[in-house]
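Q: My structure is below; once you've seen it, I'll send some questions.
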């Protein structure tokens, strides 16, 4: 296995599991693997090994379904190690997705570490118009998902809590995109993203704060507050982004 670059940036609780994971990648993907990149919370001090998982990108020269199937057989083991299934991309896919998924790629670019191989994210550039368009789409998608999720939950509050936590992550990513459009290129912690959004729209955003707090169990009142926050953010930023065209 090649030496792992920047392994000391990873939260100490999962350095051992990440080493095991990298060895499995080499075993299953072999020469197809171009790079292994970890990103997100695993590079933060607030990573919680009990609830968080290690997010990563496996960059390959060509997608080999047999290699992915071989890695999938280790899924239960990787789950116990708190390793999520990697995103699998080729360098060409990364490059051609800059106009389609800029928010996801910006999120990776802002906080990532290539453990080995050629890092395809460090040199990416993005067009503001592409970022703006995806931000607008995301606000509309999140509102639809909240309404549909409420109906699907069949009045079970634990399902609504899961929905809020999942969509809060998506909303934080979208708000980071808005901050990117305003010139913030460095990674911004979740709490600071929420605070910046609150200043932008002149609203407390209590619903979003609760949904984004991994230690908080949101209830029905929180769902209503989160929905109201999202409506207010969407309306404010739709006006703001429209004038940024």
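Q: For helix 220-242, report the angle its Cα long axis makes with the longest principal axis of the Cα atoms of the chain; keep it between 0 and 90° and round to the nearest 10°.
A: 90
Q: Please arrange 206, 152 by counting, for each residue, the other beta carbons lying within 10 Å of its beta carbon, fewest first. Walk me through the numbers on the way to the answer.
A: Numbers: 206 16, 152 12.
The fewest-first ordering by Cβ neighbours comes to 152, 206.
Q: Among 68, 167, 181, which one shows the highest mean-square fluctuation when the chain is modelled as a Gaussian network with alpha-carbon springs under 10 Å?
A: 68
Q: Using the Cα gyration tensor of segment 181-245, with a ≥ b ≥ c the square roots of its eigenvalues, what is the shape: rounded (a/c below 1.5), prolate (a/b larger than b/c) or oblate (neither)?
A: On the way: a/c = 2.93, a/b = 1.42, b/c = 2.07.
Judged from the Cα gyration tensor, segment 181-245 comes out oblate (a/c at least 1.5, b/c at or above a/b).
Q: Would you order 116, 180 from fewest to most other beta-carbon atoms within 10 Å of each residue's own beta-carbon?
A: Values: 116 20, 180 23.
Listing 116, 180 from fewest to most nearby Cβ atoms yields 116, 180.
Q: Oh, and also: Could you tell me which of rounded, prolate or oblate describes segment 76-177, using a ≥ b ≥ c as the square roots of the eigenvalues of the alpha-carbon gyration tensor, with rounded for a/c under 1.5 and, failing that, prolate when a/b is larger than b/c and oblate otherwise?
A: Numbers: a/c = 2.78, a/b = 1.36, b/c = 2.05.
It comes out oblate by the Cα gyration axes.
Q: With springs only between Cα atoms under 10 Å, which of 103, 133, 87 fluctuates most in a Gaussian network model of the chain?
A: Result: 87 has the largest fluctuation of those listed.
Q: Using the alpha-carbon centroid of each, what span in Å lies between segment 178-231 and segment 41-80?
A: Measuring centre to centre over Cα atoms gives 28 Å.
Q: If you rank 96, 5, 56 by fewest surrounding Cβ atoms within 10 Å, what's the result?
A: On the way: 96 10, 5 14, 56 26.
Result, fewest neighbours first: 96, 5, 56.
Q: In addition: What whole number of Å gives the distance from the Cα centroid of segment 106-162 to the Cα centroid of segment 3-34?
A: So the two Cα centres are separated by 25 Å.
Q: Additional query: Rounded to the nearest 500, what is the 222 nm mean residue ellipticity of the chain from helices alone, with -39500 (n - 2.57) per DSSP H run of 4+ residues and division by all residues?
A: Details: 10 runs with 136 residues, N = 245.
Using -39500 (n - 2.57) per qualifying helix, the result is -18000 deg cm²/dmol.
Q: If you take the square roots of the eigenvalues of the alpha-carbon gyration tensor of segment 7-117 and sort them as a ≥ b ≥ c, do you get rounded (a/c under 1.5), prolate (a/b over b/c) or oblate? Please list the in-between numbers first.
A: On the way: a/c = 1.81, a/b = 1.11, b/c = 1.63.
Since a/c reaches 1.5 but b/c is at least a/b, the shape of segment 7-117 is classed as oblate.
Read-outs: derived from the displayed coordinates by stated rules, not from any lab. Please read these numbers as outputs of a predicted model, since none were measured by experiment. Neighbour counts run over all protein chains shown; Cβ positions are idealised from the backbone, glycine included.
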